[in-house]
Amino acid sequence: MTETMWAARLVNPGQPLEVSRVPVPRPGPGELLLKLEVSGICHTDLHVAEGKAFPSGAPEPLTLGHEGIGQVVEAGPGTRTPLGMRLGAPWLHDICGRCRSCLTGSESFCPDQRAHGFNVNGSFAEYVIVQERLAAVVPAAIESPAAAPLMCAGVTAYGGVLKADLAPGKLAVIVGCGGLGQYGIQIARLTGATVVAVDTSAAKLREAEALGADACFIADDATADKVKALGGADAVLNFAPSNRIWPMVTGMVNNLATIVSVAMVAEPVPLVLEWLTYNGVKITGTSVGTRQQMQDFLALSARHGFRIDLEMVALRDINAAMQRLARGGVRGRLVIDFAA
């Protein structure tokens, strides 16, 4: 096995990633080494790269990425996974396994979790270390490029739909029809709910319509009234990385609706507690998914073959790709091809 690999690392927060050769890591107890075929590029990678400091406890420099797919080429002591098995390196690298969140089925909210490309080195490299107990087994029916975004974007959208408590007869609004929103539309349709897509981009709404959205509206001052005319929203899933959507969202929801925050939005929104008192709206957030949710979602994806536009890029072009993502210039999801 080669001793070095190409990796895209954050050397100085707020600055472009540096692509260079670094030593290949070696797995310890309970760990596996994956030789990656592909890795998705996620908005969270942008947040990390654009930050003012390294995440707490992270190695410096830090290899970003948390949507890797590859083959097991080396196994650490105590593992049982055979060499050659195709696995995914998702957001979660490890969890404590002892806290209330871990023990009650909410391990993605473990306060002591460590994440690939955040607290430990991630998948913007030819090789990555994963914990055997958290690595995702990828069904044979899903090709590796399509599987990569499922490790974060897809399972995050799936977790959001689960929290929205959708069912036939309910109306769900998907705000933001980029990569995550496109997964959200397709997953929400499987619940039997009426699905309405909202975005500022006419091109993304055309894609939403092709994916099966029952109605599509440009986000503007009239959007809330248009949704109300359809019966109002029983659930709103926000995939748009902006707080400007909030007045629109609160104007379209029915009593007892659920608002799920999926996109990472750092800016505050105005909230009148009296409004919650008289309409009973539930506001919650979602964060990637548990191992069980990942397993269930990958099985669902293998059966239904969720469609999304994938654009393959070379590792050497990572900074240009991330700049496009930051500008909103990506139709679906970007995926690094390590063979390029």
Contact list, first residue from region 45-67 and under 22 Å from P145 (Cβ atoms), second anywhere and acidic (D, E), beta-carbon distance below 8 Å, six or more apart or interchain, is L64/D45; G65/D45; H66/D45
If we ask which residues in region 247-256 are part of a helix (DSSP H, G or I) and touching a strand residue (DSSP E or B) at 6+ places or on another chain (Cβ under 9 Å), their number turns out to be 4
Of G289, G232, G280, G251, which residue is surrounded by 22 or more Cβ atoms within 10 Å (Cβ to Cβ) and of a type outside the set (V, I, T)?
-> G289
Would you call G160 in contact (Cβ under 8 Å) with a residue 12 or more places away in the chain, in contact with a Pro (Cβ under 8 Å, 6 or more places away or on another chain), crowded, with 22+ Cβ neighbours inside 10 Å and not assigned by TED's automatic domain parsing to the domain that holds G328?
-> no
Within the bounds of region 170-189, is there any residue that is in contact (Cβ under 8 Å) with a residue 12 or more places away in the chain, β-branched (V, I, T) and in contact with an Asp or Glu (Cβ under 7 Å, 6 or more places away or on another chain)?
-> no
When residues of region 29-46 are filtered for being polar (S, T, N, Q) and farther than 13 Å from I69 by Cα, how many remain?
-> 1
Report, by residue number, each residue of region 222-246 that is touching a Gly at 6+ places or on another chain (Cβ under 7 Å) and either assigned by TED's automatic domain parsing to the domain that holds R327 or assigned to a loop (DSSP other than H, G, I, E, B) (or both).
-> F239, A240
Test result for R21, assigned to a strand (DSSP E or B), modelled with pLDDT of 95 or more, under 25 Å from A147 (Cβ atoms) and of a type in the set (K, R) = no
Among (1) of a type outside the set (A, V, I, L, M); (2) buried (at least 22 other Cβ atoms within 10 Å of the Cβ); (3) more than 30 Å from G97 (Cβ to Cβ), where does E267 come up short?
-> (2)
Taking only region 156-202 into account, find how many residues are within 20 Å of H304 (Cβ to Cβ), part of a strand (DSSP E or B) and not β-branched (V, I, T).
-> 2
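Whether any residue in region 140-147 is buried (at least 24 other Cβ atoms within 10 Å of the Cβ) and closer than 29 Å to A314 by Cα is what I want to check.
Applying the first criterion (buried (at least 24 other Cβ atoms within 10 Å of the Cβ)) to region 140-147 yields 147.
Next, only the ones that are closer than 29 Å to A314 by Cα stay: 147.
Yes - at least one qualifying residue is present in region 140-147.
Restricting the search to region 71-103, which residues are under 28 Å from N12 (Cα atoms) and either at pLDDT below 95 or not aliphatic (A, V, I, L, M) (or both)? Show your work before the answer.
Taking region 71-103 first, the residues under 28 Å from N12 (Cα atoms) are 88-95.
Across region 71-103, the qualifying residues are G88, P90, W91, H93, D94.
The values are calculated or read from the model by the stated rules, or taken from the named source; none is laboratory data. What you are looking at is a predicted structure, and each value in this text was computed from that prediction instead of being measured. Ideal geometry is used to build each Cβ from the backbone, glycine not excepted, and the neighbour counts take in all protein chains shown.
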